[in-house]
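The values are calculated or read from the model by the stated rules, or taken from the named source; none is laboratory data. Just so it is clear, the model here is predicted, and its values are computed rather than measured. A quick note on method: Cβ atoms are made from the backbone with ideal geometry, for glycine too, and the neighbour counts reach across all protein chains shown.
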């Protein structure tokens, strides 16, 4: 699996989440506590919002723990909303196009999880990507496909509904053609104004998700696992939950498939 | 576009084609004479046959002219049949999965050319890839797709017929949904025993192809452009031709779409 | 050789110099007009100043023309002072540590040129690097060594004098142990407040340097070759010149070796 | 630290050591049992001997466990004598030039260990590299320097004596200018005919070394840790030992510094 972290709030350097904390995302790339694999060395990526509507995007295939470009960028780029991800592949090759986050116009997306037996019906999944978005299908991950399908399902207008429909269709496909576990899906996505996330699984093992409402800079951080081990200020987001953070307000609601 | 070179005959070091000649493939990567672009620095690859049925495969995204691994491998690997390629992208990203040659079981394939307007109907092209081969669709190039579609069309049994059918279907799609030039296709492919090639275009500009029947090592070399500038021992393979080299014999026949 | 470009003035996106102009630095990486080689595909780098004293630094070994990270970063990072470089190796390997710019504390440095016969007396050059700076000697280029030696010669206090001494010693070494041309040195360096450059050679062929005093954003750009072909608003900086730009003012003075 | 494995005997595919065994070198790159770090993801390399006097050499900075080129090469290259290494950096950057094995003419060398406080006196170490070999100093590792210094000390004529002198000088330097542990040195080196190794440390913790005299293919394998967990056919090579394998014969002798 993978680990990710996202932030929304006053502008901060990306390093405050990506590299500086005791158990930062980079620390989790070599030594995750709660992930399926403790090493997440199959690439990394960051998407961050600033003046422009599209996010900046930086992704590479090296292990996060030793990449000087990643460390340097995190130390010198500031943003009010950003997504960062370290990858442990569940099958697709290590290639920049298979690294998260993915970006389309002003939207960015990253994912921790899997689609059970995906390799066996990827063709059907690709076919679900809207024609007009297919040129943006650059890699072969289930994650990138889910993002493009969600865009086709109206992610830009109603993120929650789009996700319900998307995961609904994908899980149906997994149940028909795939294998257990059919779906594990803990993802974050943003349009630069709101930061959303969903924690869902077809079984009891939805990949972890935590939120910290109080944060030294005044914002909110959503993470796969806490940035400090043993810190109780992190609140677990329950499975089957949709989260949306905008203008400092956090809304959580129950999430079930369409 | 790209440049490529292939060899069939007594075992030789790959460097005798890839790096040592005056205008070797590596020389062509920085300074091609006849290609659409004179720089072909978007990656390279080599597939070579030895003891095993599957070929060895080495591909990377660096410019060929400065990659020490490529130079070293070419100098130390010997083969009786190999394919080598340097890439100039016609749209798809620079990624190992988009570098040629592609390989499937004992078959390898590389291509110089394009499918006109491909980016606009790639989804339809992907759908033509047989279900059981889709997991081998790792990148996003028209070349990789053509290879997999050809495999589905019986490349393993009748390479020429499979190519006629494949290019026939692809050109029809290009004419319906794409743009001129609809198809430029000069490709080489092999199963480790025979080395085949096709030179075809929907217009008068089929990417170049030369063959040298006399070769200091006793084999045959098929190339995009001669390995020595001004050397008249290279014979041009006419457009609309299918070539097959096996056991030292060269067969050329007319090639037209199905 | 290489191509580079630097900017000092009101904050602008790096892309205004690196990728957007008609003959931008990225354009020059594949098609330089005035460089020794027209292809500069052996890596690239950018150093930019913002809130922190140290610059951000991003360097990679891929050709600049096809690297999505470079294009994306240039489009999303803003700075009031930055250096950008595309490399054509004069011998040292393609490795991130051999890419420019180099950085040390608040200083950054990049270079176009060479030290004649350097490979034959690199050991002596390395020995000129101050002991306390040796741990920052990460690659094997003459450029990185010159930077560290200049730091030891007081670059931080008096850049011009430090360069005179540094180039003086290096040229003496080249004349004693190397070969013609002994030195070609057109470099830019900065502490985040002032942007300096020197254009020097031991013969008549100092690598080119241009400055544009009028610039749509109100700042100054120093470049190896103009960012628009045929644009006469670019003024050539004569050989044997030291340039310093600070607070919008440009000072040029004669430069000769110590 | 790092893990390595070397083989000498009848020609075998490199994969029989590098990737196929239950606890192969690639398996050790993600999950070493006895190394200082359990992840060795800072690059890899292989040097193999064939027809030519110089070895083939392939090195890259990616984690070994996910690199398709490494897996493919190991499966398709055969050799009677080869060295393979996966790296966990002790300070020097992740760069191809800092990956092992290193090669010079017909010699190759790889190392597991460290020189205590090396970063603080690297300049002095670099100065010990013979002038005529300095152009081969491409990276910044203690390992590469030790190899070049050993070559200067007559490695080609008397490997054991050269190592005794080299480690003697280096340890003296570490004791004078460095810190504990002064030296940990378990290395393998070869000229294509004999495969040698040394296991040494200035304290009681010489990095592990095992040898297996019986091997399904009839050769000998020297490894940092056994290729099968719990397999008792592996014999530990004691600390302070010099090993030399030639023509199927193994000679071990006591090793102490000069």
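Some values worked out for this structure:
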| read-out | value |
| --- | --- |
| Single condition residue A:100 does not satisfy, out of (1) farther than 24 Å from residue A:19 by Cβ; (2) in a loop (DSSP other than H, G, I, E, B) | (1) |
| Selected residue [within 13 Å of another protein chain (Cβ to nearest Cβ), more than 15 Å from the chain's Cα centre (by Cα) and surrounded by fewer than 19 Cβ atoms within 10 Å (Cβ to Cβ)] from D:33, D:15, D:11, D:22 | D:11 |
| Checklist (1) within 14 Å of chain A (Cβ to nearest Cβ); (2) surrounded by 15 or more Cβ atoms within 10 Å (Cβ to Cβ) applied to residue B:131, failing item | (2) |
| Lone unmet requirement of (1) without any contact (Cβ under 8 Å) to a residue 60 or more places away in the chain; (2) more than 14 Å from chain D (Cβ to nearest Cβ); (3) under 15 Å from the mean Cα position of the chain (by Cα) for residue C:213 | (3) |
| Pick from the stretch A:58-69, criterion within 17 Å of residue C:72 (Cα to Cα) and at the interface with chain C (Cβ under 10 Å from one of its Cβ atoms), ranking: surrounded by the fewest Cβ atoms within 10 Å (Cβ to Cβ) | A:60 |
| Count of residues meeting criterion [part of a helix (DSSP H, G or I) and in contact with a strand residue (DSSP E or B) (Cβ under 7 Å, 6 or more places away or on another chain)] in the stretch B:115-149 | 6 |
| Scope the stretch D:36-52; condition within 14 Å of chain A (Cβ to nearest Cβ) and crowded, with 24+ Cβ neighbours inside 10 Å; matching residues | D:40, D:41, D:42, D:43, D:44 |
| Enumeration of residues in the stretch B:190-211 that are in a loop (DSSP other than H, G, I, E, B) and under 26 Å from residue B:247 (Cα atoms) | B:191, B:192, B:193, B:208, B:209 |
| The stretch A:150-189: number of residues that are touching a helix residue (DSSP H, G or I) at 6+ places or on another chain (Cβ under 9 Å), assigned to a strand (DSSP E or B) and under 21 Å from residue A:9 (Cα atoms) | 2 |
| Options A:155, A:170, A:151; residue that is at pLDDT 95 or above, crowded, with 22+ Cβ neighbours inside 10 Å and farther than 13 Å from residue A:109 by Cβ | A:170 |
| Selection count, the stretch A:208-233, where residues are surrounded by fewer than 13 Cβ atoms within 10 Å (Cβ to Cβ) and under 13 Å from residue A:249 (Cα atoms) | 2 |
| Residues of the stretch A:116-127 classified as buried (at least 17 other Cβ atoms within 10 Å of the Cβ) and within 14 Å of chain B (Cβ to nearest Cβ), total | 7 |
| Boolean, residue A:227 is assigned to a loop (DSSP other than H, G, I, E, B) and in contact (Cβ under 8 Å) with a residue 60 or more places away in the chain | yes |
| Of residues in the stretch A:99-114 being within 14 Å of chain C (Cβ to nearest Cβ) and touching a strand residue (DSSP E or B) at 6+ places or on another chain (Cβ under 9 Å), the one surrounded by the fewest Cβ atoms within 10 Å (Cβ to Cβ) | A:106 |
| Some residue of the stretch A:77-94 being touching a helix residue (DSSP H, G or I) at 6+ places or on another chain (Cβ under 7 Å), surrounded by fewer than 19 Cβ atoms within 10 Å (Cβ to Cβ), more than 14 Å from chain C (Cβ to nearest Cβ) and part of a helix (DSSP H, G or I) | no |
| Test for residue D:146: is it surrounded by fewer than 24 Cβ atoms within 10 Å (Cβ to Cβ), in contact (Cβ under 8 Å) with a residue 40 or more places away in the chain and away from chain B (no Cβ under 14 Å) | no |
| Residue list for the stretch A:170-184, restricted to those being farther than 17 Å from residue A:146 by Cα and without any contact (Cβ under 8 Å) to a residue 60 or more places away in the chain | A:176 |
